[in-house]
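J.: Okay, handing you the structure first.
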Amino acid sequence: MKKKILITTSILFFSGIAFSQNKTIKRLPSIAIGTGILSFKGDIGSKPFTKRRFGFNFTAEQRIGKYFGISISGLIGKLADSETSKSRNLNFESKITQVDLKFIIHFGTDSTKFAPYLSTGIGFLKFNPYGDLKDANGIKYNYWQGGSIRNLPENDPHSSSANYLKRDYTYETQLKDSTPYKRNSLYIPISGGLNIRMTEKLHVILGGTYFITFTDWIDNVKSGKNDSYIYGNVCAQYTLGKKADININDNVHSSVKFSELDKLDTDGDSVIDTYDKCLGTPPEVKVTPNGCPIDTDEDGVPDYLDLEANTKKGAFVNEKGVTQTEQMIADRQQKFDELASQRLHAFIETPSEIKKEDPNKHQTNIIIPSELKNADKNNDGAISIEEISSAIDSFFDGNADFTVEKLNELIDLFFEQ
């Protein structure tokens, strides 16, 4: 049975490493420290996993793929159990020190918020069992059938004068067997848990491990069945160094130099795009540290478009930065309303005569007349529905040199394309 477990674990371990190396991903190592509860299952105690002791662990892991990793883990702590019955009274506490090498499968990437994991491997354990056999004064415990502890055996001639004792739970006596045994062993750890991503570098891990040992002497009692124990713990994991540079062979973006993209300044205002809040600033225009054109008088119109410098605070200005009085605003609104009404009437009275053509016929090389070229906003040599809409809006706003006839020509040109 031992050989089967060891062989199966080895196959899983090394095949996992080989599979994970198909992806050449450079990732940074991480370290973790944690604490938890140890509980023993062996030859002492009527119920396993009832006595608990604290343990402390550390782990160093190297991710070797998107979902795989290799770790070296260490654990120090104590195992203990006791049994009081009519047939025997036994107890032990053993300090343990161990280290292992594990292969880990992560069911999630580095950026997954909650990622379960499984792991297994091989480890080496050192233990040294001690027993609480005497009280604080060095008097040996004598267990009587009634369950009491006395300073004399129950069958002693002077047992009538025996004094009661209480266990002090100080494990002062090293336990030995008539047959010397090794106080170390190999073991197989089988672990599982949940990796919780708090930040890019800091993770919290909730885990549990079942340790299968190859010794029956941890509790100083041999019955033919090897001892085992479990460890439930919580860890804080921290990724070392700077952000990992991930290069996957089959990644279509592997040739992109992201470091250069981070420094891109498309409008040439000396503020990189990452921090530029006003992309597309004209060349040679002075800008603020966040990339927006300077507006000295803070009237909402940048200096390079402002026809009126030093506008008073709170003044209402037009699109050119010129202060507008209430009368000017009223006159402008009235003029706009009159012009919009006139042009709407003219537009209704002179509708466009749309040419009907074969829908399967596609004409090319249509030349935009010079009087309509200002409608081609993106200078692509074609008129789009968005550009027609923009031209109509400009017509009603009175901001463009479009007549009803020109708008009709523009619409006809759109359908001739």
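J.: Sort 291-299, 184-192 by the packing proxy (mean of other Cβ within 10 Å over each peptide's residues), most packed first.
T.: 184-192, 291-299
J.: Going by the alpha-carbon gyration tensor, a ≥ b ≥ c the square roots of its eigenvalues, is region 127-204 rounded (a/c under 1.5) or, if a/c is not under 1.5, prolate (a/b greater than b/c) versus oblate?
T.: Verdict is prolate for region 127-204.
J.: Quote the FRET efficiency, to the nearest 0.05, computed for Thr274 versus Met198 with a Förster distance R0 of 25 Å and r equal to the Cβ-Cβ distance.
T.: Working from the Cβ atoms, E equals 0.50.
J.: Still on this model: Taking H placed 1.01 Å from N in the peptide plane, check which residues at least 5 places from Asp81 or on another chain put their amide H under 5 Å from its amide H.
T.: Phe92
J.: Quick one: if the Förster radius is 41 Å, what FRET efficiency do Glu284 and Thr97 give, using the C-beta to C-beta distance and rounding to 0.05?
T.: 0.05
J.: Another question, then. Would you pull out the residues with amide H under 5 Å of Lys51's amide H, same chain only if 5 or more places away, H placed 1.01 Å from N?
T.: Those lying under 5 Å, H to H, from Lys51 are Phe40.
J.: While we're here: Can you pull out the chymotrypsin sites (Phe, Trp or Tyr not before Pro) in region 48-123 that DSSP calls coil and that have at most 16 other Cβ atoms within 10 Å?
T.: Phe49, Phe107
J.: Could you go through region 203-215 in sequence order and give the Karplus-derived ³J(HN,Hα) for each residue, using 6.51 cos²θ - 1.76 cosθ + 1.60 with θ = phi - 60°, rounded to whole Hz, and x for Gly and Pro?
T.: 10, 10, 10, 10, x, x, 9, 10, 9, 9, 9, 10, 9
J.: What list do you get for Cys235, Cys278 if you sort them by fewest beta carbons within 10 Å?
T.: Cys278, Cys235
J.: Related question: Each residue of region 108-119 in turn: what ³J(HN,Hα) in whole Hz from Karplus with 6.51, -1.76, 1.60 and θ = phi - 60°, glycine and Pro shown as x?
T.: Ordered by residue, 3J(HN,Hα) equals x, 8, 4, 9, 5, 5, 10, 10, x, 8, 9, 7 Hz.
J.: Here is a further query. Each residue of region 298-308 in order: what ³J(HN,Hα) in whole Hz does its phi give by Karplus 6.51 cos²θ - 1.76 cosθ + 1.60, θ = phi - 60°, with x for Gly and Pro?
T.: Going residue by residue, I get 6, 9, x, 10, x, 4, 6, 10, 8, 8, 9 Hz, with x marking Gly and Pro.
J.: Which pairs in the list Lys41/Lys176; Lys51/Lys176; Lys134/Lys222; Lys102/Lys176; Lys51/Lys126 are over 25 Å apart, alpha-carbon to alpha-carbon?
T.: Exceeds cut-off: Lys102/Lys176.
J.: Something else now. Amide H neighbours of Ile122 under 5 Å, at least 5 residues apart or on other chains, H built in the peptide plane: list them.
T.: Close amide H contacts, sequence-distant or interchain: Leu101.
J.: Roughly how many nanometres apart are two label points built 7 Å out from the Cα toward the Cβ at Met328 and Lys313?
T.: 2.1
J.: Further question on the same structure: Just order 376-387, 215-226 by mean Cβ neighbour count inside 10 Å, highest at the front, would you?
T.: Top to bottom by mean Cβ count within 10 Å: 215-226, 376-387.
Values in this text are rule-based calculations from the coordinates and carry no lab data. Since the model is a prediction, treat every value here as computed from it, not as a measurement. Using ideal geometry, Cβ is built from the backbone for each residue, glycine included, and neighbour counts are taken over all protein chains shown.
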